[in-house]
1. Give the long-range amide H neighbours of A:ILE40: residues separated by 5 or more places, or on another chain, with amide H under 5 Å away, using H modelled in the peptide plane at 1.01 Å from N.
2. Please list 3J(HN,Hα) in residue order for region A:296-306, calculated via the Karplus relation 6.51 cos²θ - 1.76 cosθ + 1.60 where θ = phi - 60°; whole Hz, with x for glycine and proline.
3. Which order, highest average first, do B:413-419, B:296-302, B:440-446 follow once you tally other Cβ atoms within 10 Å for each residue and take the mean per peptide?
4. Is it possible to state the helix-based mean residue ellipticity at 222 nm for chain B, with each DSSP H run of 4+ residues giving -39500 (n - 2.57), the sum divided by total residues, to the nearest 500 deg cm²/dmol? What is it?
5. Ignore the peptide's own chain and count Cβ atoms of other chains within 10 Å of each Cβ in B:225-234; give me the average, rounded.
6. With everything on Cα atoms, drop me the angle between helix A:428-440 and the longest principal axis of chain A, reported from 0 to 90° to the nearest 10.
7. Which part of region B:213-231 falls in the paramagnetic zone of B:ASP250, meaning amide N under 19 Å from the point 7 Å along Cα-to-beta-carbon?
8. Report the semi-axes of the equivalent ellipsoid for region A:139-280 in whole Å, largest first, where each axis is √(5λ) for an eigenvalue λ of the Cα gyration tensor.
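Readers should treat all values here as calculations from the given coordinates under stated rules, not as data from a laboratory. Computed from a predicted structure; not experimentally measured. Heads up, the Cβs are rebuilt from the backbone with ideal geometry, glycines too, and the neighbour counts pull from every protein chain shown.
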Protein chains: 2
Amino acid sequence: MVLLGASKDPKKWGFIILANLIDGGFRGRIYPVNPREEEILGLRVYRSVKDLPETPDLAVIVVPPSSVVSVVKDCANKGIRAGVVITAGFAEIGDGGKRLQREMVQVARSGGMMLMGPNCNGIMNPSNKLYAQMPSIFPPPGPIAIVAQSGTVAISIARRSVVKGFGCSKYISTGNEADLHFEDYLEYLAEDPQTKVILGYVEGFRDGLRFFHTAKEVSKKKPVVLLKAGESPAGARAAISHTASLAGSDAVFEAVCKQAGVIRVGDPDELVNIGVALLHQPLPQGRRVGIVTAGGGWGVLAADACTRLGLEVVSLPDDTLTELDSFLPDWWNRGNPIDLVAGARGDAVVKSVEALLRCAVVDSAILLSLMLALPVRRLRRATSEDEREHWEETMLSAIGDTFGQLNELTERYQKPVIVASELAFADASFEMKMTYALGERNCVCYTLPHQAAMVVANLVRYSEYLRSVS
Amino acid sequence: MVLLGASKDPKKWGFIILANLIDGGFRGRIYPVNPREEEILGLRVYRSVKDLPETPDLAVIVVPPSSVVSVVKDCANKGIRAGVVITAGFAEIGDGGKRLQREMVQVARSGGMMLMGPNCNGIMNPSNKLYAQMPSIFPPPGPIAIVAQSGTVAISIARRSVVKGFGCSKYISTGNEADLHFEDYLEYLAEDPQTKVILGYVEGFRDGLRFFHTAKEVSKKKPVVLLKAGESPAGARAAISHTASLAGSDAVFEAVCKQAGVIRVGDPDELVNIGVALLHQPLPQGRRVGIVTAGGGWGVLAADACTRLGLEVVSLPDDTLTELDSFLPDWWNRGNPIDLVAGARGDAVVKSVEALLRCAVVDSAILLSLMLALPVRRLRRATSEDEREHWEETMLSAIGDTFGQLNELTERYQKPVIVASELAFADASFEMKMTYALGERNCVCYTLPHQAAMVVANLVRYSEYLRSVS
């Protein structure tokens, strides 16, 4: 690939992107282009695309806006078929920028070149180790595709996925969508075998009808989860000056999502929370939820959140209660949520979840406490570094085992089990390690009850949609 | 203090609590009581309260439910004036438990003893290093009081405060509230000089009218932020079996909060997010918000969230636009949100915030990007440990400086500045350090735009309430 506008100045985008390409370990050759440099970061610099010894697959363009058109022309003449224009200063800044943008697209198209951007923060293809983007985040290869009409939001989604231990199939900051549009990316990702779920951020569509038809087809193949901004007049105004997007009516977008099977979420946290659940959970056959907690407050909050989201916290039938009686202490609450009171043994956690999954009137299980299932509960303050390491290993392995058992249950009963639990000690660095380790096994531990409810509600919605169109 | 039910078994509560008391470094003497032990964790064990060489201030009780009444009687006879009953198995498990609970209260009252609990996970008073609780979390002394009708939720609030770098004045898990009620704690915390903000979780009140009158008085002195559960029938049922609470009508509770100046929130994240803002931000004089972003998507999401929450994303007057023109590149969007495009200098961040605060039609500012204000943006992958440490120090100090400047502006203009920003690299451990370091300076960096909007909206609501009653 060729980087047009490569720079020696560590503050400039042309340097940062080159550094990311190198640090990312791109498998192909990198050709920096800058008419005034000889060498940057150990790479030979070319004066122009014309001088390159071969025709690269991809051009990444960060030259100033006034030079973009001529640079795109050079690329097209060289036979380059795809370009990412990171440079800003086009349609989003007014009429002059709009004209420049049209000219750029015209030049590219007549030269047989596809363009991504402009005004974006780059693309990634981790399976090729292609990290052609501004922020220094390097998601490993994985099942999540990110496509966003905002570089900041795109990178936030990537960050949230990475710290949860999930990798990324493709990352696309779409920018002004001068040539390739959001719908084009959707179509591409639908066919991309590495992509299992598509997480998107949109401000508006150039062609709402095409979006509808595309999304309707794609959502049958793999889940599409979207965060849409610009619902308010102030937000819509901001969207125009951001990526020249017309946000359109929020009610229309809502209806389109419903009919196209698109899962719409309210913020970037929800986007990733729901996205990662869709990777490994079976879709529930109905709205009925069973909850296991060890800490009543969590159970009350979960029951509230489930009800608010249209889920049904069912009454458990007698045979399920009897099954639970057989291993829970006499004074357990005999209700849903199942509250694992003091006196319950550690294996009661997984057994209770299994009792729920076995139960005919339960479609999904929510588990709100891991602590009880863990063998080691207490790390003294004066503990040595070695002891602490050993404790961490023991805990991580116990947590892994518990999730392993839950995964088996999920598999056997084909019903989702969503875990939201905190650990009863304030060790943020251990929690980080746990979250990451779980993600690498395709597991998630949410922290709050309403997050679990939100995940189940969206699995249900998607499941209902798929059944309605099948 | 005396611990009744101290145990040698590391899995038992009587051990865990004793270990926490010792590890917490309690300033007073600790007397473990257990008729069958001689020594636990290096402390002499007493056979009974009667045998203690002095009368302790506080009794913490973890004996089995059937022994609680006689133990409370012993304590009262010894002249102990306050007890925390951690033991569960009372009103929450049915009629038998209710009788036992009534008997316990009767015995305590007739002996002149106050009781907290039962069925709670403990109390903390960090300024005395009193950590008499089940979970091994040790918040430092600080301005946040936590009072909750659920131990799990209480500890979750504590965890969230601690990892944000904020300490705790008092921690009270109220349990079944057999003797002391939520309202008693509110009254106490209102007068507690260490407490600057009260964060609470409630499932229901014994005496709704008293709660109303108490909360109305307390909220004039310091902010009361509450998370209420049990709004749904399923949640209300769970609340009964949890702490025998009657959740009551949610609409009534909502009206009570409004009239009593209580800030009601939707989940534990919001509780802490809003709570910490109330510690250091001035209250806004109106609903008009100015937004500074460096990443358009964030700005659009913030504008949407503000509008949804009843805030006004105002049009900026000409003189403010002219002020911004003087230091922003020509192609900036000249609107609100102010989008700090490429080309803006680092100091544009603080200058833009100041332009907003100076502006007569802006009551609060939201800042959505720190990155631009930071000098070091790029850490190469191959960086050595030393270089990384140096980089972290430089970054932390730059972040601290920026917040210092923002604090000065907040002080000078007496308008809140709420920051929500992510750093453009996926280094969760650095972010943890940053969050903690900021908290120690009484500063917060939220991560998402809707969190900032939620914080401002609640500052506005509380401010409007206070003005309406003053």
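1. Close amide H contacts, sequence-distant or interchain: A:VAL45.
2. Going residue by residue, I get x, x, 4, x, 5, 4, 5, 4, 4, 5, 4 Hz, with x marking Gly and Pro.
3. The densest-packed peptide leads the list: B:296-302, B:413-419, B:440-446.
4. -14500 deg cm²/dmol
5. Mean partner shielding for this stretch: 6.
6. Helix A:428-440 sits at roughly 80 degrees to that axis.
7. Only B:226-231 pass the distance filter.
8. In descending order, the three semi-axes are 22, 16, 14 Å.
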